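Undergrad: Dumping the structure here so I can ask a few things about it.
The values are calculated or read from the model by the stated rules, or taken from the named source; none is laboratory data. All figures in this text were calculated on a predicted structure; none of them were measured in a lab. As a convention, Cβ positions derive from the backbone with ideal geometry for all residues, glycine included, and neighbour counts pool all protein chains shown. Each accessible area value is taken on the protein alone, full model and side chains, heavy atoms only, with ligands, DNA and RNA left out. Shrake-Rupley method; radii C 1.70, N 1.55, O 1.52, S 1.80 Å.
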Amino acid sequence: MFKSLKERYEKWKFKNAAKIEEYRLMFYAFKRSPLSVAGSIMVIIFVILGVFGPWILDGIRGLMGFLYSHGIIRTEPSFNAFDWSLDVLQPPSWKHWFGTDDYGRDIFARSMLGIQVSLVYSLVVLVVAIPIGIILGLIAGYYGGKVDEVISRITDMFLAFPALVLAMAISASLGAGLMSAIIALITVWWPGYVRLIRGQVLSVKENLYIEAARAVGMGNFSIIVKHILPNVISPLIIYTTMDIAGVVLTGANLSFLGLGAQPPTPELGRIVFDGLDYLPEKWWYSLIPGFMLFLFALGFNLLGDGLRDVLDPRFRRRLEFEVKGEKE
Amino acid sequence: MAEYKYYLIRRLLTFIPTILGALFITFIVSHVVPMMPAKAGFARHLNLEALKRLEQLYHLDKPWWEQFAYYVRDLFTGHWGTSMMSGRPIFEDLRDYYPVTVQLAIAGEALILLIGVPLGIVAAMKQDKWIDYVIRVFSLVAYSMPYFLWAIGIQLLFYWKLGWFPGIGLGKPPAKIYTGMYLLDSLLCGDWSSFIDNLRHLFLPAFSLALPNAGVIARLMRGSLLDALSSEYIDYTRMKGLPERMVVLKHAMKNAIIPIITVGGLMFGGLLGGAFITETVFALAGAGRYTVMAVLRSMDIPVIMATTFLIVMTYLLVNLVVDLLYGAVDPRVRL
C-alpha cells in the first residue's frame, strides 16, 4: 500500500518536475525579498487578529489578570471595549495600552475589535465582487460583439464615478450601517474586475492553443473553463492582493465619514473621526487606530508587491539565470 | 490635423451617453433605493388626497423614463432641492462651497505631479541603488496610508508642533470674488497679501491629499521609464553618444509620460473624493465638508446626490480633456 503510494508520488514528481522546479523558484524568489516576507507576516498577524480578535483579547485579559494576581505586574490593564468609565481621555499607559477615548473606553481593545470589522469588509466585498467580475469579464471578453458592448458600457457607467463618492452616495441612501456600506462597496468594486478579466481574456484568446482547442471541437464552455480561466488567474491574484488594501482603506474612509457600522460597534475609521475633536492634545485617540489601518493596508500591499515579482515569468527567468550563473 | 478633428468629434459624441449613464445610476440611487421606504412611510400617515398631491409634486405618478427626464431637467436647471441643514437651496450652498473643493483638487493634482514624477525618474535612473529602494518603500508607505492619517499626521507636525503653515480653515478672502476659488480670485484682482495667505493655507491640505497618489505616480513613472529605457531607439540614442540625461529626459520621457497623463487624469476623481476627508480634517469650508456634515447631522440625501452629480460631471469633463490632450500628444490614439 505504502509502496504503491510512494511509487505514485515518484511518478507524479517525475511528470511534474518542471512545474515543481518553477514553484521552488517562486518560493525562492519570494523568500529572497525581505519586504514580501515582512508583508506576509503582517498579513498573517492581521488575519489572525481579525478572525480571533475577541478571543485573543480575552486571552490577553486572562493572562494579565493572572500576572497581576501573582504580583508580577503592579497594575492590571483594563480592556473594556464597550463600557463607559471615568478614565476619560487617558494617554497610553500600562493600564490602557493605547489610551482611552472620550467615554473612557480602552482604545487598544476597540482597535483589536475594529480590525475584525475591516477584515469582514474586505473579505465580503471581494468574495462577492470577484465572481461577478470573473463571469461578466469572461463572457464579455470571449464572446465579444454586442454582449461585450453592453457589458462594457455598463461597466463604464460605474467607472465614471470616483469610488469613494459613489460608495458614499449609495450607502447614505440605503441608510448608514455596516450592511449598506458593504453593499455600496460591492457596487463600486465589481466593474474593476470585469475590466481586468476582460482585458486578460482578450489577449489570451489570441493564443494558438485556443484555436487548436476549437479546431478539435471543444465547446465554448470548456474552452473558457479549461484554457482561458487558468491563464487569467495569476494577474487576478496579484490584483486582488493589492486590492484588499484598497477595499480596507475605502471602507475606512466610509466609516470615517460616518457611513460604516454605527456606534457602539468599534470601527477603526470611525474611532479616528471621533478623535478629531480632541487633537492635538489627545493625539493617541486618532493616530493609533489610524496607524493600525495603515499597517493592515501596508501588509497587503507589500505581499502583493512581492507576489507580482514572483508570478512574473520574466522576473523568474532572470532569477534562474542569476542562480545558475552563481553555481557554475 | 484633419484626423484629429474626427477624433475630437467622435470623443465628444461618446461623451453624451456616458453622462446619461452616470446620471441614470445617480437616478437609481436617489429615486429608486431610498424612495420606497419614504412612500411606505407617507402612506401610513397621509390621506389619499395628500399622497396624490405629493406624488404629482415630485412626478412620482409618472413612468420611470419620464421621472428620469424630470430628474435630468432639474439637475441641469439647478433645482436641487433645499438643504435640511442650512435651510438654503442646495444649488446656492454648493456654488459657494464647490470651488474650494475644486481648488484643493487642482492643487493636489499639481503636487502629485511635482512630487511623483521626479521621484520616479530618479528611481529609474538609479535602478537598484539605495535611493531607488528608499523611493520604492516611500511610495508603498505613501499609498498604504489612508487619507485621514496623512492629513492628521501632517496637521499635527507642521501646524500644531512646528507651526510652519496654518492648518485650519481657509485663507483671507480676496477683495473681489469672481469664481470662488480664492487663489485664482486674488490673482485676478491683484490682492497679493490674500494670495500668499491662501497659498499658505492651501499647502498642508493639498500636500496630504497628494502624497498617497504621488506614491502611485512615482512607482508608475519608474516602471514606465524603465520600460522605455530598454527599447531599441534608446540604444540608438546612446550609441549616438548623447549624454544619459538627454537620453532620459528628452527621448525616453516622451513615451514614458503617456501612462502618467492617463493615470494622473483618472486620479482627479480620487482627489475629489479624498477632499471629503481632507476638508473634514483641516476644517475647510468646501463641498466635501458640507456634504459630510449634512450626512452626519441629518442624513441629507439631496445634498449628497447634488455633490455626487457635480463631482461626476467634473470628473467626466477632466477625463474628456485628458483624452483630447492624449490624442494631441500621441498620434496613435487618433486612429
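Undergrad: Could you work out how far helix A:229-256 tilts from the main Cα principal axis of chain A, as a 0 to 90 degree angle to the nearest 10?
TA: The answer is roughly 20 degrees.
Undergrad: I would also like to ask the following. For region A:307-317, in order, what is each residue's ³J(HN,Hα) by Karplus, 6.51 cos²θ - 1.76 cosθ + 1.60 with θ = phi - 60°, in whole Hz (x at glycine and Pro)?
TA: Result, ordered by residue: 4, 4, 5, 5, 7, 8, x, 4, 4, 5, 4 Hz.
Undergrad: Any idea how far apart A:ILE132 and A:GLU322 come out in nm if each label point goes 7 Å out from Cα toward Cβ?
TA: My value for the distance between the label points is 4.1 nm.
Undergrad: Oh, and also: So what does log10 I(q)/I(0) come out to for region A:1-77 at q = 0.13, 0.21, 0.24 Å⁻¹, using the Debye formula with one equal point on every Cα and no solvent?
TA: The calculated log intensity ratios at q = 0.13, 0.21, 0.24 Å⁻¹ are -0.73, -0.94, -1.00.
Undergrad: On to the next question. Measure nothing fancy, just the Cα-based angle from helix B:130-144's long axis to the longest principal axis of chain B, in degrees from 0 to 90, nearest 10.
TA: Helix B:130-144 and the main axis of chain B meet at about 0 degrees.
Undergrad: Who wins for biggest fluctuation among A:ILE132, A:ILE238, A:ILE210 in a Gaussian network model of chain A, springs between alpha carbons below 10 Å?
TA: A:ILE210
Undergrad: Further question on the same structure: Would you mind working out the accessible area per residue for the protein assembly as shown, using a 1.4 Å probe, and quoting it in Å²?
TA: Result: 50 Å² of accessible area for each residue.
Undergrad: For B:MET246 and B:GLU92, what does the FRET efficiency come to when R0 = 56 Å and r is the distance between their Cβ atoms, rounded to the nearest 0.05?
TA: Efficiency for this residue pair is about 0.55.
Undergrad: Just checking the output field for A:245-252: average partner chain Cβ neighbours within 10 Å of each residue's Cβ?
TA: 3
Undergrad: Can you compute the helix-only [θ] at 222 nm over the protein assembly as shown? Use -39500 (n - 2.57) per DSSP H run of at least 4 residues, normalise by all residues, nearest 500 deg cm²/dmol.
TA: The helix-only estimate for the protein assembly as shown comes to -25500 deg cm²/dmol at 222 nm.
Undergrad: Another one. Which whole-number percentage describes the relative contact order of chain B, with Cα contacts under 8 Å and a sequence gap of 6 or more?
TA: Relative contact order, chain B: 25 percent.
Undergrad: At 1.4 Å probe size, with the rest of the protein present, what percent of the exposed accessible area of chain A is carbon and sulfur atoms?
TA: Taking all protein chains in place, chain A shows 67 percent carbon and sulfur surface.
Undergrad: Follow-up. Mind checking the dipole of chain A: about its Cα centre, +1 per Lys or Arg Cβ, -1 per Asp or Glu Cβ, Debye to the nearest 20?
TA: 1540 debye
Undergrad: Determine which aspartates and glutamates satisfy two conditions relative to B:LYS5: a Cα distance under 17 Å, and not lying fewer than 8 residues away in the same chain.
TA: Partners found: B:ASP323, B:ASP330.
Undergrad: Based solely on C-alpha atoms, express the radius of gyration and the Dmax of region B:241-330 in angstrom.
TA: 19.1, 67
Undergrad: Gap in Å between the Cα centre of region A:1-71 and the Cα centre of region B:94-108?
TA: Answer, in whole Å: 48.
Undergrad: Please give the total accessible area that chains B and A bury against each other, computed with a 1.4 Å probe and expressed in Å² to the nearest 100.
TA: Chain pair B/A: roughly 3700 Å² of buried accessible area.
Undergrad: For chain A, set up a Gaussian network in which alpha carbons nearer than 10 Å are linked by springs, and say which option among A:VAL88, A:VAL120, A:VAL188 fluctuates the most.
TA: Of the options given, A:VAL88 has the highest mean-square fluctuation.
Undergrad: Under a cut-off of 18 Å between alpha-carbon atoms, report the lysines in cross-link reach of A:LYS11, not counting same-chain residues fewer than 8 places apart.
TA: Result set, ordered by chain and number: A:LYS3, A:LYS19.
Undergrad: Would you mind checking the radius of gyration and Dmax of region B:49-168 based on alpha-carbon positions, in Å?
TA: Here Rg and the maximum Cα pair distance are 24.3, 77 Å.
Undergrad: Which residue fluctuates most in the GNM of chain B (Cα springs below 10 Å): B:GLY269, B:GLY116, B:GLY163?
TA: B:GLY163
Undergrad: Ignoring ligands, DNA and RNA, what percent of the 1.4 Å accessible area of region B:217-300 is carbon and sulfur?
TA: Taking all protein chains in place, region B:217-300 shows 60 percent carbon and sulfur surface.
Undergrad: Under 23 Å between alpha carbons, and skipping anything fewer than 8 positions from B:LYS126 in its own chain: which lysines qualify?
TA: B:LYS240, B:LYS250, B:LYS254
Undergrad: Could you tell me how many degrees, from 0 to 90 and to the nearest 10, lie between the Cα long axis of helix A:178-205 and the main elongation axis, the longest principal axis, of the Cα atoms of chain A?
TA: In chain A, helix A:178-205 runs at an angle near 20 degrees to the longest axis.
Undergrad: Ok, one more. Each label point is 7 Å from the Cα along the Cα-to-Cβ direction; what then is the distance between the points at B:THR262 and A:TYR143, in nm?
TA: Going by the 7 Å Cα→Cβ label model, 2.7 nm.
Undergrad: Tell me the label-point distance for the pair A:PHE82, A:GLN262, using the 7 Å Cα-to-Cβ offset, in nm and rounded to one decimal.
TA: The two pseudo-label positions are separated by 1.6 nm.
Undergrad: At what distance in angstrom do the alpha carbon centres of region B:266-335 and region A:103-122 lie from each other?
TA: 30 Å
Undergrad: What does the structure give for B:153-163 when I average, per residue, the other chain Cβ atoms found within 10 Å of the residue Cβ?
TA: 2
Undergrad: Let me ask something else. Let me know the mean shielding of B:283-293 by other chains, meaning the per-residue number of their Cβ atoms within 10 Å of its Cβ.
TA: Mean partner-chain Cβ count within 10 Å for B:283-293: 1.
Undergrad: Take each of the peptides A:153-159, A:74-80, A:181-187, B:304-310, average the number of other beta-carbon atoms within 10 Å over its residues, and list them starting from the highest.
TA: Ranking the peptides A:153-159, A:74-80, A:181-187, B:304-310 by packing returns B:304-310, A:181-187, A:153-159, A:74-80.
Undergrad: Also: Tell me, how many Å apart are the Cα centres for region A:285-305 and for region A:214-252?
TA: Computed from Cα coordinates, the inter-centre distance equals 26 Å.
Undergrad: What translational diffusion coefficient, to the nearest whole µm²/s, does chain A have by Stokes-Einstein, given a Kirkwood radius computed over alpha-carbon pairs, a temperature of 20 °C and 1.002 mPa s viscosity?
TA: 93 µm²/s
Undergrad: Still on this structure, I have one more. Hey, what does the equivalent ellipsoid look like for region B:96-334, semi-axes from the Cα gyration tensor as sqrt of 5 times each eigenvalue, largest first, whole Å?
TA: 36, 21, 18
Undergrad: Same structure, new question: Under a point-charge model restricted to the Cβ atoms of Lys and Arg (+1) and Asp and Glu (-1), what is the dipole moment magnitude of region B:96-334 relative to its Cα centre, in debye to the nearest 20?
TA: Roughly 460 debye, rounded to the nearest 20.
Undergrad: Further question: Ratio to report: Rg/Rh of the protein assembly as shown, with Cα atoms as the point set and Rh obtained by the Kirkwood method; give two decimals.
TA: Ratio value, two decimals: 0.99.
Undergrad: Also, quick follow-up: So for region B:266-307, averaging the separation of alpha carbon pairs under 8 Å that are six or more residues apart and normalising by length, what relative contact order in percent results?
TA: 26 percent
Undergrad: Could you sort the peptides B:80-87, B:137-144 by per-residue average Cβ neighbour count (10 Å cutoff), highest mean leading?
TA: Ranking, from highest mean packing down: B:137-144, B:80-87.
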